[in-house]
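Notes follow once the structure below has been shown.
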Amino acid sequence: YVSTDNETDYAVPADVIVVLGCPSYEGNVVSTAFSACVQARAHHAARLYKRGLSQHIIPTGGLTGPPPSEAAAMASIIHRDGVPDSAITLEDKAHDTVQNIQFSRAIMNANGWRNAILVTEPNHIRRATLIARDGGLTVFPSPVTDSPGWNTPDARRQNLMGDARALLIYQANRASSGPP
């Protein structure tokens, strides 16, 4: 499931672009793999914004080590890519994909935004889309296909296996407690 149709970009004009966070630290040390993830997702979101697909971006993710949060790190990159601060709304509390979606949904509801372009790597896009739709969001997946975590064979295999495992855990939790 996680490896099927995960490179197709379904981005269309939407109310907001939601960029899912990824940890930029491991053991309070900057992780080059995760830093590359943050950069790839942020650059992709900025490109979507510049294409005119949305006038708003929500970078998501809380602290995974010393500041800045995942969201703040992405927002800084998005801003450097030419997106005005007024177009960026931080969601900086989430620590996993379910929380990314829940907290982003609250921001969307508060602003009257009904749908979103969902940005993350291909190995994560199918599970993230499922979680978003289970959470009541209308999303258009836009995978970041130029990420080193996707374009390096060993990293791709490891990330696909990790997301398959995370999907099983999500489904088990959902079956026992209901939708997010």
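The values are calculated or read from the model by the stated rules, or taken from the named source; none is laboratory data. Predicted, not measured: the structure shown is a model, and the values here were computed from it. Cβ: placed from backbone, ideal geometry, glycine included. Neighbour counts: every protein chain shown. These area figures cover heavy atoms from the full protein model, side chains too; ligands, DNA and RNA do not enter into them. Shrake-Rupley method; radii C 1.70, N 1.55, O 1.52, S 1.80 Å.
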The range 88-129, residues that are among the aliphatic types (A, V, I, L, M), under 14 Å from the mean Cα position of the chain (by Cα) and open to solvent by less than 20 Å² (accessible area, probe 1.4 Å): 94, 101, 116, 117, 118, 119, 125, 128
Test set (1) open to solvent by 10 Å² or more (accessible area, probe 1.4 Å); (2) farther than 29 Å from residue 173 by Cβ; (3) in contact with a Ser or Thr (Cβ under 9 Å, 6 or more places away or on another chain) - residue 85 fails condition number: (3)
Set 144, 139: member being touching a residue at least 60 places away in the same chain (Cβ under 8 Å), farther than 17 Å from residue 4 by Cα, within 14 Å of the chain's Cα centre (by Cα) and surrounded by 14 or more Cβ atoms within 10 Å (Cβ to Cβ): 139
Residue, nearest to residue 101 (Cα to Cα), within the range 40-66, restricted to residues that are modelled with pLDDT under 95 and surrounded by fewer than 18 Cβ atoms within 10 Å (Cβ to Cβ): 63
Residues that are in contact (Cβ under 8 Å) with a residue 60 or more places away in the chain and hydroxyl-bearing (Ser, Thr, Tyr), drawn from the range 47-61: 54
Residue 71 being surrounded by 19 or more Cβ atoms within 10 Å (Cβ to Cβ), part of a helix (DSSP H, G or I) and either aromatic (Phe, Trp, Tyr) or in contact with a helix residue (DSSP H, G or I) (Cβ under 6 Å, 6 or more places away or on another chain) (or both): no
